[in-house]
Amino acid sequence: MSNITRIGKYEIREELGRGATSTVYLGYDPFAQRDVAVKLILPEVLHDRDKGRLYRHLLVNEASLAGKLNHPHIVQIYDAVVGEEESYIVMEYVAGGTLEQFAATDRLLPLERLVEVIFKCTRALDYAHRLGITHRDIKPANILLAKADKSGDIKISDFGAALLADSDQTRTQVTGVGSPAYMSPEQVQEQSLNHQSDIFSLGVVMYQLLTGRLPFQATSNYGMIYQISNFDPPPPSTFRSDIPPALDTIVARAMQKQREARYTNWDEFSHDLAQSFRNKQLSAQSQELPDSAKFETLRALPFFRDFTDVEIWEVVRFSRWDDVAPNTVLMRDGETGDFFCFLTAGEARVVKRGHTLNVLAPGECFGEMAIIGRAARLRGADVITQTQSRVITIRGDALHHASDACRVHFYQGFLEVLSARLSLANSRLAAV
């Protein structure tokens, strides 16, 4: 706990958080009679021989915006002091934390709420763009929630890396500004930037908040630059089955590598997000089983006993759940297949040329051989529901892109299923 009680005229109540370059405090302005957030820059940062000039530039950059960005979805900067003894920025206090808390597979926002959040970001960044400001560091950590619950409004923060239209572009286009995983191709290649770079970054944020994972992942900066410049990530619906095609399309356009293929302006981005609401595409599956019930169902299945809770949430997101009528053909003998299933309620028959080979009960997995086999992915029998049933479907490409730990647990489960089937077959042969 910090023993600082005052910074300038501001009374310090508590420390809110700290990073590599600054510490943020909850303060109180006795003159305006309001709570504020005070970002105190560490003195050693500004005096650093290698990066001191860059950090001082970023501080002055953010300080220059004090009183200029008056928008309901942008954190207001009230005051700034840049001095030899003490340097700090005084900002609007936003209590709800950042969107980072909703960037994990087990804590994703409902789709309607997520679209609302991204829509508000597009309007705030359009406002900044009209003032000649490109943010350059859009990421979940820089999008704040006004309230501690999910219903609160959002505020974009941290314009220290912003590119100002009336400044010297050669001076402000500096290396080391921004978070690599969210950068546009032109930013990682240190080319000239405009608002479309922020559009790309917000597309990356939207992808992460939809799926709980980043579209580009690498262990080095070089690898990240290569991924962003050359790799097209799978659509978000690969990892979360309730994502409608409209949102896949929006994310893909925002993240186009060539600027001419990307959204031209923020209005286009906003329009498509609003249209997804008007068409009610997001509520098409509103009567589905709640995610919490899906989680509990998977947790109770023996196949998933070694999965962690986080991995179970991952499966909830990329699986499809259907209630199926009796006598529905789920898989057909000889057809190619790129998915496998679990039966969670009801019964289904495995049929080969009119002969019943097996009756599947709740909890059983089927169709996995078309996913794990190296040969042609052909079904070896028909699978037909015998009663009203509930079926979970998982696509092969979703499994391929799952986290390493999740994928390993699936393959371990498949081995147990195959072993049990082999044991059952041997028992039947022995009984003949």
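Miscellaneous remarks
- Computed from the alpha carbon positions, the gyration tensor of the chain leads to an equivalent ellipsoid with semi-axes of 51, 22, 20 Å, biggest first.
- Lysine pairs in the chain whose alpha-carbon atoms fall under 21 angstrom of each other, counting only those eight or more residues apart or on distinct chains, come to 18.
- Each residue in Met183, Met224 was given a count of other beta-carbon atoms within 10 angstrom of its own, and listing them fewest first yields Met224, Met183.
- Simple label model, 7 Å out from Cα along Cβ direction - Asn230 to Glu11, nm: 5.9
- Each peptide in 129-140, 34-45 was scored by the mean count of other Cβ atoms within 10 Å over its residues; highest first, the order is 129-140, 34-45.
- Acute angle (nearest 10 degrees) that the helix 404-431 long axis makes with the longest principal axis of the chain, alpha-carbon atoms: 10
- Segment 376-414 residues near the modelled Val329 label - backbone nitrogen below 15 Å, point 7 Å along Cα→Cβ: 379-386
- Helix axis angle, 195-211 relative to the chain longest principal axis, alpha carbon, degrees: 40
- Within the shell defined by Cβ-Cβ distances under 12 Å, the residues around Gly413 carry a net charge of -3, with Lys and Arg each +1 and Asp and Glu each -1.
- One Cα centroid belongs to segment 358-421, the other to segment 10-56; the line between them spans 54 Å.
- Backbone N within segment 48-83 under 19 Å of label point (7 Å from Phe31 Cα along the Cβ vector): 63-69, 76-83
- Between the Cα long axis of helix 52-63 and the first principal axis of the chain there is an angle of about 90°, rounded to the nearest 10.
- Ascending count of other beta-carbon atoms within 10 Å, so fewest first, for Ser292, Ser270: Ser292, Ser270
None of the figures in this text is laboratory data; all of them are computed from the coordinates on show. Being a predicted model, the structure only gives us computed values, none of them experimental. Positions of Cβ are backbone-derived with ideal geometry, glycine not excepted, and every protein chain shown enters the neighbour counts.
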